[in-house]
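The values are calculated or read from the model by the stated rules, or taken from the named source; none is laboratory data. Fair warning: this is a prediction, and the values are worked out from it, not measured in the lab. Quick reminder, even Gly has a Cβ in these numbers, built from the backbone with ideal geometry, and neighbours come from all protein chains shown.
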Amino acid sequence: MNAELAATTGSKSAPNRPLHSGMARFITLEGGEGAGKSTLAVGLKQRLAECGIGCLVTREPGGSPKAEVIRETLLGGEIAPFGPFAEALMFYAARIDHVDRTIKPALTRGEWVICDRFADSTRAYQGALGRLDPALLAALERVALAGFAADLTLILDVPVDVGLARAAVRRGTGASDRFEREGRGFHTRLRRAYLDIAEREPARCVVVDASLLPSAVLDLAWSAVEARLLQHADAAGSLS
Ligand code: TYD
């Protein structure tokens with residue numbers, strides 16, 4: 001994650017000063033169904049652009065040609081009969097390709113990367129689905145990612161009923177995917193799992209109230225990016 005970024009000027013919505021950073025950053029967006037991650041990704045990319053920071057938005061499962069193939073089988077429910085640990089392995093098969101083919105090359109080019117879901121989704125979803133031993137999922141993460149992790153994770157927190165209602169509106173008459181079909185109890189455990197991750201890793205994670213309007217969610221998320229990544233770079237002397 002070390003590549004030069006271009007110099008730039010600020011804007012109304014972004015800090016009103018030139019920003020430079022010697023390090024491209026990796027941001028992950030996490031949360032349950034209907035949390036608004038994709039809308040936030042677009043907004044953050046725009047604000048980074050206003051600071052002259054190039055940014056790649058990607059998503060999981062998927063984000064590389066081979067990982068997109070695995071996505072189809074996972075969301076279609078074909079892996080579900082094998083159980084949550086097998087699903088976790090498949091999410092990791094997709095993730096390894098995505099990291100190697102898409103995320104790391106972009107960071108090396110100096111682009112920031114915003115990823116809609118990453119390793120915390122496996123911890124939270126597969127953990128909440130199968131009540132898998134967290135130590136088992138942590139071991140899988142360690143082996144597969146070898147320490148590669150987000151610089152900042154924004155956890156979009158929304159009450160379960162609000163999230164599920166939003167997801168239903170988004171889906172319209174389309175079919176729900178394998179995870180949207182899980183019951184309310186699952187989605188409640190999922191929300192708790194994300195909040196637990198945030199509590200355990202406060203240096204990496206920031207919880208954002210995603211029940212607010214999209215513009216307010218963006219403002220909160222942007223404040224976290226500024227405080228955790230841009231000002232940090234400033235203090236380290238890599239801004240001019
Ligand atoms: P997607 O259509 O991308 O929806 P969303 O907008 O909710 O991100 O569906 C991805 C689904 O896959 C989502 O229900 C979460 C689930 N998932 C896991 O269960 N484990 C994982 O590791 C990842 C990345 C996603």
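Key figures for this structure:
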{"item": "Flag if PHE148 is among the aromatic types (Phe, Trp, Tyr), touching a residue at least 40 places away in the same chain (Cβ under 8 Å) and within 14 Å of the ligand (Cβ to nearest atom)", "result": "no"}
{"item": "Candidate set from the range 64-92 (those that are among the hydrophobic types (A, V, I, L, M, F, W, C) and more than 11 Å from the ligand (Cβ to nearest atom)); member that is farthest from PHE179 (Cα to Cα)", "result": "VAL69"}
{"item": "Of residues in the range 93-126 being under 16 Å from LEU29 (Cβ atoms) and either in a loop (DSSP other than H, G, I, E, B) or free of Cβ contacts under 8 Å to residues at least 12 places away in the same chain (or both), the one nearest to the ligand (Cβ to nearest atom)", "result": "ARG117"}
{"item": "Options ALA216, ALA235: the member that is modelled with pLDDT under 95 and over 30 Å from LEU75 (Cα atoms)", "result": "ALA235"}
{"item": "Residues of the range 33-53 that turn out to be assigned to a loop (DSSP other than H, G, I, E, B) and near the ligand (Cβ under 8 Å from one of its atoms), as a count", "result": "3"}
{"item": "Any chance THR102 is surrounded by fewer than 15 Cβ atoms within 10 Å (Cβ to Cβ) and β-branched (Val, Ile, Thr)", "result": "no"}
{"item": "Selection status of GLU30, assigned to a helix (DSSP H, G or I), within 13 Å of the ligand (Cβ to nearest atom) and crowded, with 16+ Cβ neighbours inside 10 Å", "result": "no"}
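Conditions tested, residue by residue: (1) small (Gly, Ala, Ser); (2) more than 25 Å from ILE96 (Cα to Cα).
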{"residue": "GLU141", "(1), (2)": "no, no"}
{"residue": "GLY147", "(1), (2)": "yes, no"}
{"residue": "GLY163", "(1), (2)": "yes, yes"}
{"residue": "ALA167", "(1), (2)": "yes, yes"}
{"residue": "SER176", "(1), (2)": "yes, yes"}
{"residue": "THR188", "(1), (2)": "no, yes"}
{"residue": "ASP209", "(1), (2)": "no, yes"}
{"residue": "ALA216", "(1), (2)": "yes, yes"}
{"residue": "VAL225", "(1), (2)": "no, yes"}
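To keep it simple, each residue is scored yes or no on (1) under 21 Å from ALA86 (Cα atoms); (2) polar (S, T, N, Q); (3) surrounded by 14 or more Cβ atoms within 10 Å (Cβ to Cβ).
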position: GLY147; (1), (2), (3): no, no, no
position: VAL169; (1), (2), (3): no, no, no
position: THR173; (1), (2), (3): no, yes, no
position: ARG178; (1), (2), (3): yes, no, yes
